[in-house]
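> Sharing a structure, written as structure tokens. Questions coming.
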Amino acid sequence: MKLKTEEAEQDVLVEQLIHELGMAHVAHLPIGDPRKKMLSLTNGERKRCAIGVELVSDPSVLLLDEPTSGLDSFKAQSICQLLHNLARTKGKTVVSTIHQPNSEAFFYFDRLVLMCDGHIVYQGDAKKSVDYYKLINCPVPKFANPADFFMRLLSVRYPKSQEDLDKLDHMTRHYHALLEKSVKAEGRLIKLDAPASAGGDFVSHKAPVGVQLRQLLRRSWTLATRDPRLSRAKLFQTVAVILFMIPCFWQLNDYSSIPSV
């Protein structure tokens, strides 16, 4: 429903995405539901499937919220490597929040934004972040994972103590003095072309209404046949509501025939 191309072209695109995401071995499995999970969550298969759904429409920017949560370090690293390859080979801009990556997964990211108490305290090359914090007298311990160190360093207890206030002031002051000017200069150098729909009618890339209606009906029928108990529950709920509403409106007098005063 996201594309206007022919179904044959869509099938070719889907097959290509399946192989790029490394999901050929589970291509014919249903995703599953909370009760019966077919795709594995711990192996990252559901994460890859969610990423693939967004990639179908070929977006230029991909926004992800903690794509590695719930995965072990190896699977989290494979997800980060996948996102890195998408940015390198497909020219995608991938913006992601990430939770406690290992050191190898951490350095798959090109640029890094660190925030503390709602303030940006670092923005720039991810690989240079270690040298930057060494420069402002917050060195990363030797053999430590930079991501774990940043999580500890940027954590703030509430209500904030004087130590937290001093730490926040120290990092924001150095950020404004050392990094903010270069970040703004980089922003002025980036020139993007205006979207094709700017200043005119919005151009939709979605399928026509008839195609969307047909696909949604087919999807609803498939879900109903796969889980007939859900359909019976909805039917019972509808009947129960009807039986509850009948006494509320049973034999109400018709006031339409009463003349108004």
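> Which condition breaks for TYR133 when tested against (1) surrounded by 12 or more Cβ atoms within 10 Å (Cβ to Cβ); (2) within 23 Å of the chain's Cα centre (by Cα); (3) in a helix (DSSP H, G or I)?
With (1) surrounded by 12 or more Cβ atoms within 10 Å (Cβ to Cβ); (2) within 23 Å of the chain's Cα centre (by Cα); (3) in a helix (DSSP H, G or I) applied to TYR133, the lone miss is (2).
> Can you pull out the residues in region 104-124 that are outside any loop (DSSP other than H, G, I, E, B), free of Cβ contacts under 8 Å to residues at least 60 places away in the same chain and either crowded, with 19+ Cβ neighbours inside 10 Å or in contact with a helix residue (DSSP H, G or I) (Cβ under 9 Å, 6 or more places away or on another chain) (or both)? Steps first, answer last, please.
Narrowing region 104-124 to residues outside any loop (DSSP other than H, G, I, E, B): 104-106, 111-116, 119-124.
Now restrict to residues that are free of Cβ contacts under 8 Å to residues at least 60 places away in the same chain: 104-106, 111-116, 119-122, 124.
Passing the criteria: GLU104, ALA105, PHE106, LEU112, LEU114, MET115, CYS116, HIS119, ILE120, VAL121, TYR122, GLY124.
> If I filter region 163-171 for residues that are under 24 Å from the mean Cα position of the chain (by Cα) and either assigned to a helix (DSSP H, G or I) or buried (at least 16 other Cβ atoms within 10 Å of the Cβ) (or both), do I get at least one hit? Full working, then the answer.
Taking region 163-171 and keeping what is under 24 Å from the mean Cα position of the chain (by Cα), we get none.
No, there is no match, as no residue in region 163-171 is under 24 Å from the mean Cα position of the chain (by Cα) and either assigned to a helix (DSSP H, G or I) or buried (at least 16 other Cβ atoms within 10 Å of the Cβ) (or both).
> Criterion first (in contact (Cβ under 8 Å) with a residue 12 or more places away in the chain and either outside the structural domain of GLU104 (by TED's automatic domain parsing) or among the hydroxyl-bearing types (Ser, Thr, Tyr) (or both)) does LEU178 satisfy it?
Against the criterion (in contact (Cβ under 8 Å) with a residue 12 or more places away in the chain and either outside the structural domain of GLU104 (by TED's automatic domain parsing) or among the hydroxyl-bearing types (Ser, Thr, Tyr) (or both)), LEU178 qualifies.
> Within region 64-101, count every residue that is small (Gly, Ala, Ser), within 19 Å of PHE150 (Cα to Cα) and assigned to a helix (DSSP H, G or I). So that I can check it myself, show each step before the final result.
Residues of region 64-101 small (Gly, Ala, Ser): 69-70, 73, 76, 78, 87, 91, 96.
With within 19 Å of PHE150 (Cα to Cα) added as a condition, the list becomes 69, 73, 76, 96.
From the residues that got through so far, the ones that are assigned to a helix (DSSP H, G or I) too are 73, 76.
Residues flagged as small (Gly, Ala, Ser), within 19 Å of PHE150 (Cα to Cα) and assigned to a helix (DSSP H, G or I) within region 64-101 amount to 2.
> Now, a different point. Of all residues in region 223-261, which are modelled with pLDDT under 85, of a type outside the set (Lys, Arg) and closer than 23 Å to ILE31 by Cβ?
LEU223, ALA224, THR225, ASP227, PRO228, LEU230, SER231 - these are the residues of region 223-261 that are modelled with pLDDT under 85, of a type outside the set (Lys, Arg) and closer than 23 Å to ILE31 by Cβ.
The values are calculated or read from the model by the stated rules, or taken from the named source; none is laboratory data. All values reported here derive from a predicted model rather than from experimental measurement. Quick reminder, even Gly has a Cβ in these numbers, built from the backbone with ideal geometry, and neighbours come from all protein chains shown.
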